[in-house]
1. To the nearest 20 debye, what charge dipole does the chain have about its Cα centre, counting +1 at the Cβ of each Lys and Arg and -1 at the Cβ of each Asp and Glu?
2. Quick one: net charge around residue 113, please, counting Lys, Arg +1 and Asp, Glu -1 for every other residue with C-beta under 9 Å from its C-beta.
3. Could you please state how large a percent of the accessible area of segment 42-167 is carbon and sulfur, counting protein chains only and using a 1.4 Å probe?
4. Can you work out the Karplus-derived ³J(HN,Hα) for every residue in segment 31-36? Use 6.51 cos²θ - 1.76 cosθ + 1.60 with θ = phi - 60°, whole Hz, and x for glycine or proline.
5. Please list 70-79, 37-46 highest first by mean number of surrounding beta-carbon atoms within 10 Å per residue.
6. When the scattering of segment 40-106 is computed by the Debye formula from its Cα atoms alone, each counted once and equally, what is log10 I(q)/I(0) at q = 0.20, 0.23, 0.29 Å⁻¹?
7. Let me make sure I get this right: for segment 1-134, a, b and c are the square roots of the gyration tensor eigenvalues over alpha carbons, sorted descending. Under 1.5 in a/c it's rounded, otherwise prolate if a/b > b/c, else oblate. Which is it?
8. All other residues with a Cβ under 14 Å from the Cβ of residue 187 taken together, and with Lys, Arg as +1 and Asp, Glu as -1, what is their net charge?
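The values are calculated or read from the model by the stated rules, or taken from the named source; none is laboratory data. The model shown is predicted, which means the values in this text are computed figures rather than measured ones. Heads up, the Cβs are rebuilt from the backbone with ideal geometry, glycines too, and the neighbour counts pull from every protein chain shown. Ligands, DNA and RNA are stripped out before the accessible areas are found, and what is left, the full protein with its side chains, is counted by its heavy atoms. Shrake-Rupley method; radii C 1.70, N 1.55, O 1.52, S 1.80 Å.
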Amino acid sequence: ARIATEQIDGRPAYRTVICTVPRQCGKSSLLLGVLVAGMVNGTRRSVYTAQTGWDARRKVIDDWAPLLEASSLKPLLDRVYRGAGMEAIHFRNGARLEVMANSLVAGHGRTIDGEAVIDEDFADTDDRSEQYMIPAMATKPSAQLWIVSTAGTTESTYLRRKVALGRQAAEDGLTNDVCYFEWSALED
């Protein structure tokens, strides 16, 4: 989290963060911490999507919202919206975390100035989530795309392209634009 959220002149050093880890290794805790830190420290709109809209809703509304409501951060919350299609956590400072469906038309007309999270993207066989998030982030220099997942299958074409991008960035020694973390077994 510390490396991925580094700032240069008040902007994220990395516009894209790619992270692959095995199951049950703390990915959700990492994301919640990063998202809440962004919400608490500024008026922002961040979005979260997962392999399906239902899975995204379950993570934000059923898992994360109760944790926040039971924590010392509760006074910072304004309201949790649980209605279908309206799922979001709103903070008193105007920041909000919204659930985004994983569809071709999700996100059109929205602006994202915080984190845009694509979770469990091993299930994505195309770029649909990224295709609605990138334009929503285009005019916001503080926005950051997070692509996080467990290892995919042979059908995980989107994730495989992102892993290749991250590995190439690491191999080239790049220290800006793409931040890449991978915890996995060696290929052989």
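1. On the way: 22 positive and 25 negative charges, 157 e Å.
Computed charge dipole of the chain: roughly 760 debye.
2. On the way: positive: 44, 45, 140; negative: none.
That sum, taken over residues with Cβ under 9 Å, equals +3.
3. Details: 3150 of 5880 Å².
Carbon and sulfur together cover 54 percent of it.
4. Whole-Hz 3J(HN,Hα) from phi for segment 31-36: 4, 4, x, 5, 5, 5.
5. On the way: 70-79: 11.3, 37-46: 17.8.
Ranking the peptides 70-79, 37-46 by packing returns 37-46, 70-79.
6. -0.76, -0.97, -1.32
7. Details: a/c = 1.29, a/b = 1.09, b/c = 1.18.
The shape class here is rounded.
8. Details: positive: 160, 167; negative: 182, 188.
Once all neighbours under 14 Å are counted, the net charge is 0.
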